[in-house]
């Protein structure tokens, strides 16, 4: 479906999920829409929470205001509807360099 | 261009064609050749790496930002869920897109205009723009094309305005001239109303939603441009009508067309009037009244042509919510029938006209009573009207732009306590001048806040009053401190009382008396608004009636004290005048040197006119308090009978569910209800033990309680009758509220009658035998319509 960018392979592969936190993501859903926003959280099923997200419609749909972007705020994208995930490699690299392990918190801890 | 575009097919049609939930599944399992937009060069595909990393997370765990809490995700939208995802809603509706360029029959255009008007009224009653006005696809298209220039706001594609072939292409004219101008008119009225509605007195999202989702409601387009467009459309329609009439065709179709054209003209005229009225909100009231007067006839003509409208529901869609800058899940269109919309418009116009009456005030006290009456109205006035009242009243931090709030405070103190006129005229050198100024400044803030609170909706009003009593309580401390200073005592000299211990005397203390009076009034409102807003459970009624009665008792004593001081002051004034006249005579005759009987400057008595005003106001107040108190007594006895009979649970009884005993004990519930008053110094909230002791019904019989209830309710009714018979000249500060005061008194009478009936019904049931209660046959309901809001009537009936 997609290939991992060679730039990232040695640095990121196996670096833990925490390196992606707060990195700007573009999540493409199965209906062709793209959601741009920083990653807030995820789980084993790859359900993704993006904060301050904007929505971009698929090709073929008339563009709307603001160059086709629409602000939607915080969103949860269920993993089963995710087609592709892109990340801002500059932010990702900077995150990797300053990597600290984010604690994995269970839901019961939060509640 | 993508393959899909080249084929001319809608991209969504590949995997979804209808807006039913099953499509979500189809979207999820769509084909692999979905045309994905390119991403920016600084983005890299991490799909597989991310999936691998995600697999390392333990089941049930969440990797997240340190500062993030799950509670923050409550407002998050779930993508691909039809109930949450507005974008999905938009995409699914694309294949059924409505063509705003297409010609439409006159009847359909008429329907769109009326539906749009109903949506506007719906917005005024609390619906969001995304659920009302913005659901109209013509509005969306016009706003989408709008680039700052009016001509750009058309129904065509982005920059291609639809050319109207000729005036003969009627259906095109109806859409692209009549409807377009009407749509622009609606946008402008929404813009003008919205800008007016952004004030502290209106709660965003509670009263009205002013959010425009980043759409420009043509804020910078001058009103004159919109009005001239509307006028041109009217002229075009008039010409068309004249031409049609000249043809002398008398078939049904032509008659309908002429009817529709009439309908267009009258709707466009009404829109012009609405824009002008909204644009001139700050102008002289006469101009506003003139504009509003013209609406009556137009509204009648709009109603008469509505029957010609032919529905075109596809012109409205909630799918627009998926195209707005909005992080909300999809919400349904707020429907409002045409009849309700007209009724709302009439309510709006009548409300605005009524607000304009405030300029006919006789004294500043008239305004205070007007605000009190305004706040009591049922149903609460529309947000625009409430906002309009405060903005008309308080202009540039002054009342009507003319008087300082301090003038209103002084007028209110004078009306209530009739202090020496020298009190507010002390010169700069007086040692108390600075302290008095400081007090008046604080009083101004509290008083202004009170006016502002009166413009809120009822529930919010009560909540804000709960906060305001603390300010008034602290103001009372200030006033007492000020009036206890030696220098201020000259304005409150020791007045002899009729009692035997005349050496003690009584001091007027007008400032503290006024603050205490206003504070008690707020407390009374808070207590009794709880009944109006249905805040109390039935078993809490006896408690709150008891507390209300207690506060009314304190208020009654306070007003009686002010009355006593007034009468002593009036008698002293009479004496001094007589003495003065005598002295003048003796000076003439004997050449006396001074008028020794005249009081010191600080104690200069008020004028006879002031004394008369205060006397009348106090008499009115005591009548009102008396009626409330008697009714309270009656209700308390009636409720006690119901408690004794077992129809209503006793407030002091233990909770039904023992597991909840820890947090629902009667004492805790008592404290909860008394919370707004618990921080107040005076009057102190009685302890729970006091209430428990006084509410003990062990020595009472149901019959004697019902007897007592009947007697006191009858007393209340008689007192209301006496109060109602007061002539207008015997009442002060009621110039603006004569009619509504009479209406309120009538509702009090109805509450008395209603309660009397309930008492009789209960008596006939002979509850002593308890058969009704034991068999659970008794039904108690609260009736509010037509009764006084503070005294809803309990209706007792038997279940069938």
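How many partner chain Cβ atoms sit within 10 Å of a residue's Cβ in peptide A:35-41, on average, as a whole number? Walk me through the intermediate numbers first.
Numbers: counts 2, 3, 0, 1, 4, 9, 8.
Mean partner-chain Cβ count within 10 Å for A:35-41: 4.
Using the 10 angstrom Cβ neighbour count as an exposure proxy, how do B:338, B:134 rank, fewest first?
Values: B:338 18, B:134 27.
If I rank by nearby Cβ atoms, fewest first, I get B:338, B:134.
Other chains' Cβ within 10 Å of B:406-418 residues: what's the mean?
Average per residue, whole number: 0.
Using 0.36 nm per residue, how much length does the chain from residue B:459 to residue B:363 gain when fully extended, once their Cα-Cα distance is taken away? Each step should come with its number before you reach the end.
Values: separation 96, 0.36 × 96 = 34.56 nm, distance 2.95 nm.
Extra length available between residue B:459 and residue B:363 comes to 31.6 nm.
Taking a point 7 angstrom from the Cα of residue B:572 along the C-beta vector, which residues in region B:411-446 have backbone N less than 16 Å away?
Residues B:417-424 qualify, since their backbone N sits under 16 Å from the label point.
Treat each spin label as a single point 7 Å out from the Cα along the C-beta direction, and report the residue B:697 to residue B:81 distance in nm.
Here the modelled spin labels are 4.8 nm apart.
Which FRET efficiency, nearest 0.05, do residue B:466 and residue B:445 yield, Cβ-Cβ r, R0 25 Å? Present the calculation step by step, with values, prior to reporting the outcome.
Numbers: r = 17 Å, r/R0 = 0.70.
Efficiency for this residue pair is about 0.90.
Listed highest first by mean packing, meaning other Cβ atoms within 10 Å per residue, what order do B:416-427, B:670-681 come in? Could the numbers behind the result be given before it?
Numbers: B:416-427: 19.0, B:670-681: 15.6.
Output ranking for B:416-427, B:670-681: B:416-427, B:670-681.
How do B:362-372, B:278-288 rank on mean C-beta neighbours within 10 Å, highest first? Mind showing how you got there, number by number?
Details: B:362-372: 19.7, B:278-288: 14.9.
So the peptides B:362-372, B:278-288, ranked by packing, come out B:362-372, B:278-288.
In whole angstrom, note down how far apart the Cα centers of region B:286-333 and region B:452-469 are.
31
How far is the Cα center of region B:367-398 from the Cα center of region B:543-562, in Å?
Centre-to-centre distance over Cα atoms comes out at 28 Å.
Nearest 0.05, what FRET efficiency do residue B:663 and residue B:74 give at R0 = 22 Å with Cβ-Cβ as r?
That gives a FRET efficiency of 0.30.
Once both axes come from the Cα atoms, what is the angle between helix B:702-724 and the longest principal axis of chain B, in degrees from 0 to 90, rounded to 10?
90
What FRET efficiency comes out for residue B:216 versus residue B:280 if R0 is 30 angstrom and r is the Cβ-Cβ distance? Round to the nearest 0.05. Walk me through the intermediate numbers first.
Numbers: r = 23 Å, r/R0 = 0.76.
Using R0 = 30 Å, I get an efficiency of 0.85.
Order the peptides B:440-452, B:178-190 from the highest to the lowest mean number of other Cβ atoms within 10 Å of their residues. Mind showing how you got there, number by number?
On the way: B:440-452: 18.2, B:178-190: 25.2.
Ranked from most to least packed, the peptides come out as B:178-190, B:440-452.
Nearest 10 degrees, 0 to 90: what angle lies between the long axis of helix B:383-393 and the longest principal axis of chain B (Cα atoms)?
For B:383-393 against chain B, the angle is about 50 degrees.
For chain B, take the longest principal axis of its alpha carbons; what is the angle in degrees between that and the long axis of helix B:738-764, to the nearest 10 within 0 to 90?
80
Counting other C-beta atoms within 10 Å, which of A:30, A:42 has the fewest, and how do the rest follow?
Working: A:30 21, A:42 25.
Ranked by crowding around the Cβ, least crowded first: A:30, A:42.
Going by how many other Cβ atoms sit within 10 Å of their own, how do B:101, B:56 line up, fewest first? Spell out each step's value before the answer.
Working: B:101 15, B:56 12.
In order of increasing Cβ crowding within 10 Å: B:56, B:101.
When you look at the Cβ of every residue in A:81-94, what mean number of other chain Cβ atoms sits within 10 Å?
Working: counts 11, 6, 6, 8, 10, 10, 9, 5, 5, 3, 2, 4, 0, 0.
For this peptide, the per-residue mean of nearby foreign Cβ atoms is 6.
Subtracting the Cα-Cα distance from 0.36 nm times the residue separation, let me have the gained length for residue B:561 to residue B:757 in nm, one decimal.
On the way: separation 196, 0.36 × 196 = 70.56 nm, distance 3.63 nm.
The residue B:561-residue B:757 span can extend by a further 66.9 nm.
Values in this text are rule-based calculations from the coordinates and carry no lab data. Computed from a prediction, not measured in an experiment: that's the story for all the values here. Note that we place each Cβ from the backbone using ideal geometry, even for glycine, and neighbour counts take in every protein chain shown.
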